[in-house]
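Chemist: Please see the structure below; I have some questions.
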Amino acid sequence: MKNRGLLVLFLFCLTLASAQEEKSWIRINNLGYLPQSIKVAVLGSKAKMKVTSFSLVDAVTGKQVYSSQKVTPKGAYGPFESSYRLDFGDFEQTGRYFIKVNAITSPEFDINANVYDNTADFLLKYMRQQRCGYNPFLTDSCHLDDGYIIYNPKREGERIDVTGGWHDATDYLQYTATSANAVYQLLLAYRENPEAFGDRFQANGLPGKNGIPDVIDEAKFGMDWLKKMNPSPEEYYNQIADDRDHAGYRLPNKDTVVYNENRKGRPVYLASAEKQGLKKYQNRSTGVASTAGKFASSFAMGGMVLKEFYPNYTEDLLSRAVNAYDFGKKNPGVSQTAPCKGPYFYEEENWHDDMELAAGALYNLTGDDRYKREGIDFADQEQVSPWMGRDTVRHYQYYPFLNAGHFELGISGKNEKAKDMAALYKKGLEAIRQRGKDNAFLIGTPFVWCSNNFVTAAVTQSHMYHELTGDNTYLEMEAALRDWLFGCNPWGTSMIVGLPEHADSPVKPHSSLTVLEGYATYGGLVDGPVYGSIFNSLIGIKLEEEDSYAEFQSDLVVYHDDVGDYSTNEPTMDGTASLVYYLSSMEARSQKTGHQKANFTYDDSGALIRGNTSEKKINLTFTGDQYADGLPAILKVLDKHQIKGSFFFTGNFYRNPKYAGLIKKLKDGGHYLGAHSDKHLLYNDWSPQKKLLVSQEEFQQDLLDNYEIMAQHGVQKENAPFFLPPYEWNSSEITQWTNQLDLSLINYTPGTISHADYTTPDMKNYRSSDEIMESILAYEAKEGLNGFLLLTHVGTDPKRTDKLYARLEGLVIALNGRGYEFVSLDEVLDKKNR
């Protein structure tokens with residue numbers, strides 16, 4: 001009986017432990033960790049459980065590589081009855097891992113110096129998508145009639161050209177407050193961390209390098225608009241449109257809202273001390289300094305940073321900055337955004353921080369001690385951003401969420417009060433730390449509307465404080481808040497759309513682009529979780545689908561990945577722009593340890609044409625439309641040498657019953673099967689201008705038809721993300737239209753004439769196989785073939801008897817002998833590092 005009782009007790013304990021583990025989760029930074037960084041995961045359980053140790057398991061080998069008892073209990077929080085911090089900061093070996101506590105496992109994650117590579121540039125995707133005027137994402141224009149002036153007695157009703165800038169969020173309102181802050185943040189990011197940014201887009205936002213870092217292109221785009229919103233030294237406009245914009249889902253180029261039947265465009269509000277609001281609701285404006293200060297700091301920062309790229313463009317930025325600063329001094333107070341039909345508006349109440357930042361930027365631009373003295377005076381008026389340490393604040397009550405003025409004043413070696421500026425940062429950081437120190441996520445920022453903007457401000461302020469002082473006091477909190485944004489939160493999700501690609505991130509943001517067309521808002525930082533009390537009080541929120549995070553919601557805080565929830569899942573332009581600086585700092589930190597990010601090559605149309613040039617790896621790329629006479633021979637060589645090739649076929653090819661068996665062999669052999677257009681259309685003419693020969697609708701239908709027939713061969717679109725255009729010829733528009741379909745356009749690597757194997761003796765551009773082989777080997781000897789996409793064809797016209805595919809094995813052997821490894825397309829174009 002005694003043994004039976006022990007068995008029952010054992011089984012009961014086992015069942016209890018199993019039940020506990022089924023209700024337990026380990027949250028990590030889904031993006032990954034730098035080897036030398038603070039690394040802490042959080043275990044949360046809906047049961048009372050005791051955790052004393054954990055282990056780290058190599059995700060590739062399945063072997064335990066680390067164990068630790070650095071476990072800190074934190075008690076109940078949100079949906080969890082118990083929670084623990086699991087510290088593995090002393091483990092620095094690079095690799096892919098997961099954390100294990102008994103039978104509870106975390107998602108897999110990387111420890112690597114490359115985890116922040118290209119993340120700052122990734123956020124710019126959303127900024128380009130938010131452009132007003134010419135919108136490169138849609139390759140179309142919007143709001144070209146903006147606008148007509150209101151609240152300016154001297155110019156009431158006049159037309160003013162203010163087309164441009166960024167839409168604020170899912171709606172199409174535009175605010176100087178958020179846009180000027182975005183311009184400043186982008187310029188700050190480049191000034192402090194230029195090495196973090198690349199060049200893949202033109203000034204108009206279309207794919208294709210232009211010799212200027214993309215972050216500079218984006219900042220100048222915003223600056224162009226700020227100049228329009230400041231037509232004279234006495235005019236500073238604050239807002240375009242109002243909440244009449246909230247008229248349902250629609251694309252910006254199909255905006256049907258009419259504000260005034262007698263005037264084209266949208267209303268443009270003057271920044272003033274007048275209380276504004278055309279219908280039921282009004283703001284509480286008291287002055288202009290909040291807006292003028294933002295203009296001034298952006299203009300001054302532009303004078304510092306943009307001059308390198310646009311010397312003539314910046315000639316007036318100093319005078320604009322000085323005029324705006326002086327205007328702000330003459331008109332102290334705040335110019336809030338204007339409501340109309342609804343009660344929601346940006347209720348900004350502080351302005352000394354705006355004037356401090358303006359003074360600091362002007363000091364760093366001019367060296368004039370007057371600006372330093374006045375900046376310090378303004379800093380004394382607002383030592384700590386007032387939201388820090390508070391449980392709740394009104395919507396945008398204290399904006400910007402980050403007071404960058406302390407940093408701007410503190411970085412100058414001539415400023416003897418740098419330590420004083422850092423001490424002011426410390427006050428705010430300590431207030432946040434005290435609010436968050438008792439919960440497992442160490443989060444002490446308020447869960448009000450746009451909570452992720454507060455988190456971004458906190459991690460940025462911590463970083464700036466550390467830059468000014470070297471004091472490590474707040475680095476653990478900084479790491480925790482950074483990790484929160486990337487998935488170490490109750491819901492386990494990143495708060496940036498599509499970042500990282502391989503883990504949970506928002507897929508149903510509140511956006512017309514997503515709702516109407518299924519377009520992803522990549523790079524957008526969503527609003528973030530709110531108190532349950534706020535969510536339950538908001539007007540017009542209705543979830544469209546069953547809540548995928550239902551078990552992680554609580555009375556304390558909620559977050560929904562649902563298009564219906566504009567309070568937690570709407571991407572915002574200013575929040576996204578504000579995070580660019582911090583992510584660029586993380587990448588710069590990694591580079592300072594000696595890390596060099598992978599170098600990929602894009603052509604002038606934005607097509608990816610070469611993989612990482614630091615490694616001797618090549619992908620054999622093949623295309624086919626009409627002929628496949630070489631495919632059996634090619635397959636034989638690839639199988640013999642265990643090479644995974646990539647094959648791009650047209651719909652014509654996939655439909656041809658003669659090729660069905662060969663396609664099956666390719667698929668069964670693990671080779672990449674991709675799209676090459678459906679009908680092998682020529683999308684652009686052969687002129688240097690690459691004039692379009694198809695409409696967007698014709699192009700997308702052609703490409704989708706290609707994928708439809710591929711699906712009949714078991715190749716799904718999501719598993720074949722790379723598209724190689726017909727004739728290997730395309731324009732920036734074709735690249736962008738491909739991107740809209742959530743696909744990536746690639747092309748062969750130029751330099752050799754491998755692609756000329758289709759030519760026949762009767763052609764002027766005929767090239768023999770001897771010539772082609774010689775060009776490949778000669779280019780290798782001179783330039784190298786690292787990262788090459790070496791393109792040939794799976795078949796040729798019968799008139800060509802000199803078949804290059806008959807020489808394939810000789811080429812493989814020759815390049816193997818020179819140290820090259822033939823790898824799959826996924827490996828040579830490692831998407832994670834692009």
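Chemist: Got at least one residue in the range 189-199 being within 18 Å of Gly164 (Cα to Cα) and either surrounded by 24 or more Cβ atoms within 10 Å (Cβ to Cβ) or over 19 Å from the mean Cα position of the chain (by Cα) (or both)?
Modeler: So far as the range 189-199 goes, no, none of its residues is within 18 Å of Gly164 (Cα to Cα) and either surrounded by 24 or more Cβ atoms within 10 Å (Cβ to Cβ) or over 19 Å from the mean Cα position of the chain (by Cα) (or both).
Chemist: Here is a follow-up. Filter the range 379-396 for residues that are within 26 Å of Met304 (Cα to Cα), out of contact with any Gly (no Cβ under 7 Å at 6 or more places or on another chain) and not in a loop (DSSP other than H, G, I, E, B) and give the result.
Modeler: Correct list: Asp380 only.
Chemist: Of the conditions (1) more than 18 Å from Ser179 (Cβ to Cβ); (2) surrounded by fewer than 22 Cβ atoms within 10 Å (Cβ to Cβ), Ala359 fails just one. Which one is it?
Modeler: (2)
Chemist: Listed residues Asn612, Asn684; which is at pLDDT below 95, outside the structural domain of Gly208 (by TED's automatic domain parsing), surrounded by 15 or more Cβ atoms within 10 Å (Cβ to Cβ) and touching a Phe, Trp or Tyr at 6+ places or on another chain (Cβ under 9 Å)?
Modeler: Only one candidate passes the filter, namely Asn612.
Chemist: Let me ask something else about it. If the requirement is being hydroxyl-bearing (Ser, Thr, Tyr) and part of a helix (DSSP H, G or I), which of these qualifies: Tyr399, Tyr425?
Modeler: Working: Tyr399 fails: part of a helix (DSSP H, G or I).
Only one candidate passes the filter, namely Tyr425.
Chemist: Among residues belonging to the range 486-528 that are under 23 Å from Asn719 (Cβ atoms) and of a type in the set (A, V, I, L, M), point out the one that is surrounded by the fewest Cβ atoms within 10 Å (Cβ to Cβ).
Modeler: The residue in question is Val507.
Chemist: Which one is nearest to the chain's Cα centre (by Cα), of the residues in the range 318-368 that are β-branched (Val, Ile, Thr) and closer than 26 Å to Asp168 by Cα?
Modeler: Ranking the candidates gives Thr337 first.
Chemist: Can you find even one residue in the range 134-143 that is in contact with a helix residue (DSSP H, G or I) (Cβ under 9 Å, 6 or more places away or on another chain), of a type outside the set (S, T, N, Q) and at positive phi? Spell out how you get there, then give the answer.
Modeler: Taking the range 134-143 and keeping what is in contact with a helix residue (DSSP H, G or I) (Cβ under 9 Å, 6 or more places away or on another chain), we get 135-143.
Now restrict to residues that are of a type outside the set (S, T, N, Q): 136-138, 140, 142-143.
Restricting the remaining residues to those that are at positive phi gives 143.
Within the range 134-143, one or more residues are in contact with a helix residue (DSSP H, G or I) (Cβ under 9 Å, 6 or more places away or on another chain), of a type outside the set (S, T, N, Q) and at positive phi.
A quick yes/no check of all residues on (1) more than 23 Å from Phe600 (Cβ to Cβ); (2) surrounded by fewer than 19 Cβ atoms within 10 Å (Cβ to Cβ); (3) outside the structural domain of Ile643 (by TED's automatic domain parsing):
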site	(1), (2), (3)
Asp742	no, yes, no
Leu745	no, no, no
Tyr766	yes, yes, no
Glu780	no, no, no
Gly784	no, yes, no
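Chemist: Scan the range 364-374 and give yes if some residue there is buried (at least 20 other Cβ atoms within 10 Å of the Cβ) and either touching a Lys or Arg at 6+ places or on another chain (Cβ under 7 Å) or part of a loop (DSSP other than H, G, I, E, B) (or both), otherwise no. Reasoning before the result, please.
Modeler: As a first pass, look at the range 364-374 and keep what is buried (at least 20 other Cβ atoms within 10 Å of the Cβ): 364-365, 371-372, 374.
Now restrict to residues that are either touching a Lys or Arg at 6+ places or on another chain (Cβ under 7 Å) or part of a loop (DSSP other than H, G, I, E, B) (or both): none.
No, the conditions are met nowhere in the range 364-374.
Chemist: Taking into account only those residues within the range 747-764 that are more than 44 Å from the chain's Cα centre (by Cα) and free of Cβ contacts under 8 Å to residues at least 24 places away in the same chain, which is surrounded by the fewest Cβ atoms within 10 Å (Cβ to Cβ)? Before the answer, list the steps.
Modeler: To start, the set of residues in the range 747-764 that are more than 44 Å from the chain's Cα centre (by Cα) comprises 760-764.
So of that shortlist, the ones also free of Cβ contacts under 8 Å to residues at least 24 places away in the same chain come out as 763-764.
Working: Met763: 13, Lys764: 5.
Filtering first and then ranking leaves Lys764.
Chemist: Further question: Residue by residue through the range 747-785, note down the ones that are within 15 Å of Ile618 (Cα to Cα) and either in contact with a Pro (Cβ under 9 Å, 6 or more places away or on another chain) or among the basic types (Lys, Arg) (or both).
Modeler: The answer is Asn747, and nothing else.
Chemist: Another question about this same structure. Quick one: is Gln239 assigned to a loop (DSSP other than H, G, I, E, B) and not aromatic (Phe, Trp, Tyr)?
Modeler: So Gln239 does not fit the description; no.
Chemist: Kindly indicate the residue of the range 344-356 that is in contact with a Ser or Thr (Cβ under 8 Å, 6 or more places away or on another chain) and in a helix (DSSP H, G or I) and also surrounded by the most Cβ atoms within 10 Å (Cβ to Cβ) among those meeting that condition. Don't jump to the end; show me each part of the working.
Modeler: From the range 344-356, those in contact with a Ser or Thr (Cβ under 8 Å, 6 or more places away or on another chain) are 345-346, 348, 350-351, 353-354; that's our starting set.
If we keep only those that are in a helix (DSSP H, G or I) too, we end up with 353-354.
Numbers: Asp353: 27, Asp354: 31.
Filtering first and then ranking leaves Asp354.
Chemist: Restricting to the range 321-341, name every residue that is outside any loop (DSSP other than H, G, I, E, B) and crowded, with 23+ Cβ neighbours inside 10 Å.
Modeler: Across the range 321-341, the qualifying residues are Ala321, Ala324, Tyr325, Gly328.
Chemist: Cβ-Cβ under 6 Å, sequence separation 6+ or interchain: first residue in the range 328-340 and of a type in the set (A, V, I, L, M, F, W, C), partner buried (at least 24 other Cβ atoms within 10 Å of the Cβ) and assigned to a helix (DSSP H, G or I). Which pairs?
Modeler: The qualifying pairs are Val334/Ser290.
Chemist: Pick from Leu662, Leu620, Leu666, Leu638: which is more than 30 Å from Met464 (Cα to Cα), modelled with pLDDT of 95 or more, outside any helix (DSSP H, G or I) and outside the structural domain of Leu173 (by TED's automatic domain parsing)?
Modeler: One residue alone meets the criteria, Leu620.
Chemist: To continue, here is another question. Scan the range 481-518 for residues that are under 16 Å from Thr119 (Cβ atoms) and either of a type in the set (S, T, N, Q) or touching a Leu at 6+ places or on another chain (Cβ under 6 Å) (or both) and jot them down.
Modeler: Phe486, Ser494, Met495, Ile496, Pro500, Ser505
Chemist: Of all the residues that make up the range 682-713, how many are part of a loop (DSSP other than H, G, I, E, B), of a type outside the set (S, T, N, Q) and touching a residue at least 12 places away in the same chain (Cβ under 8 Å)?
Modeler: As a first pass, look at the range 682-713 and keep what is part of a loop (DSSP other than H, G, I, E, B): 682-683, 685-691, 693-695, 712-713.
Retained after the next criterion (residues that are of a type outside the set (S, T, N, Q)): 682-683, 685-686, 688, 690-691, 693-694, 713.
Adding the requirement that they be touching a residue at least 12 places away in the same chain (Cβ under 8 Å) leaves 682-683, 686, 690, 693-694, 713.
Here the count works out to 7.
Chemist: Among the residues in the range 560-573, are any buried (at least 24 other Cβ atoms within 10 Å of the Cβ), modelled with pLDDT of 95 or more and either on the phi > 0 side of the Ramachandran plot or in a helix (DSSP H, G or I) (or both)?
Modeler: yes
Chemist: Restricting to the range 746-786, name every residue that is in a helix (DSSP H, G or I) and of a type in the set (A, V, I, L, M).
Modeler: The answer is Ala756, Ile772, Met773, Ile776, Leu777, Ala778, Ala781.
Chemist: Just one of Val183, Val215, Val268, Val258 is of a type in the set (Val, Ile, Thr), surrounded by fewer than 17 Cβ atoms within 10 Å (Cβ to Cβ) and assigned by TED's automatic domain parsing to the domain that holds Tyr126; which is it? Explain how you work it out, then say what you get.
Modeler: On the way: Val183 fails: surrounded by fewer than 17 Cβ atoms within 10 Å (Cβ to Cβ); Val215 fails: surrounded by fewer than 17 Cβ atoms within 10 Å (Cβ to Cβ); Val268 fails: surrounded by fewer than 17 Cβ atoms within 10 Å (Cβ to Cβ).
After applying the criteria, what remains is Val258.
Chemist: Also: Given (1) of a type in the set (Asp, Glu); (2) part of a helix (DSSP H, G or I); (3) surrounded by 14 or more Cβ atoms within 10 Å (Cβ to Cβ), identify the lone condition not met by Asp802.
Modeler: (2)
Chemist: Pairs under 9 Å by beta carbon, first residue within 14 Å of Thr105 (Cβ to Cβ) in the range 57-69, partner among the charged types (D, E, K, R), six or more apart or different chains?
Modeler: These pairs meet every condition: Val57/Lys63; Val57/Lys100; Asp58/Arg96; Ala59/Arg96; Ala59/Glu108; Gln64/Asp58; Gln64/Lys100.
The values are calculated or read from the model by the stated rules, or taken from the named source; none is laboratory data. Remember, it's a predicted structure, so these values are computed and weren't measured experimentally. When we count neighbours, we look across all protein chains shown, and the Cβ atoms used for this are built from the backbone with ideal geometry, even at glycine.
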